[in-house]
Amino acid sequence: MTRATSILAALTAALLLSAPAAAQTKICIDAGHGGYDPGAVANNLDEKDINLTTALAFRDWANLDSGDGGGGGSWNVIMTRSTDTYVSLSGRASYANSNGADYFLSIHGNAGGGNGTETY
């Protein structure tokens, strides 16, 4: 299992265990950092790029799952950013709250002081 697959599996499990009974759950996916804020930099990789790639993959999976007539979840996905742009911390929270998100996932890949993927 690749690291991205295991991340998606963990995010999915967390959502399925706590999803409300509503017809469609609104998820706000936040790809941490972005724009002029690269986040952690290691091995010539910017955290912002890894976060965005993971967030877009999760969004695409959730959209496919919603369209699966054979079962699965029903998700309405919004994103704080879908390109390499900077969004302030308060802007991220305000966007999720003003759009009525049921869940807020902020994706980060730590390199200093922590290790591995961190999802709030």
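When the solvent-accessible surface of protein heavy atoms is calculated with a 1.4 angstrom probe, in what order do VAL41, VAL77 fall, highest first? It would help to have the intermediate numbers written out before the result.
Values: VAL41 90, VAL77 30 Å².
Sorted by accessible area, descending: VAL41, VAL77.
Using 0.36 nm per residue, how much length does the chain from THR53 to LYS26 gain when fully extended, once their Cα-Cα distance is taken away?
On the way: separation 27, 0.36 × 27 = 9.72 nm, distance 2.02 nm.
So the extension gain works out to 7.7 nm.
Length gain on complete extension for the stretch ALA42 to TYR86, per 0.36 nm per residue less the alpha carbon to alpha carbon distance? Walk me through the numbers before you get to the answer.
On the way: separation 44, 0.36 × 44 = 15.84 nm, distance 1.98 nm.
Length difference between fully extended and current span is 13.9 nm.
Heads up, I need the accessible area for ARG59: 1.4 angstrom probe, whole protein in place, Å², nearest 10.
Approximately 70 Å² for this residue.
Starting from the amide H of ASP46, placed 1.01 Å from N in the peptide plane, find each other amide H under 5 Å away whose residue is 5 or more places distant or on another chain.
Under 5 Å from the amide H of ASP46 lies no amide H from a residue far enough along the sequence or on another chain.
The values are calculated or read from the model by the stated rules, or taken from the named source; none is laboratory data. Since we're looking at a predicted model, the values are computed, not measured. For the accessible areas, the whole protein counts, side chains as well, though only heavy atoms, and no ligand, DNA or RNA atoms are used. Shrake-Rupley method; radii C 1.70, N 1.55, O 1.52, S 1.80 Å.
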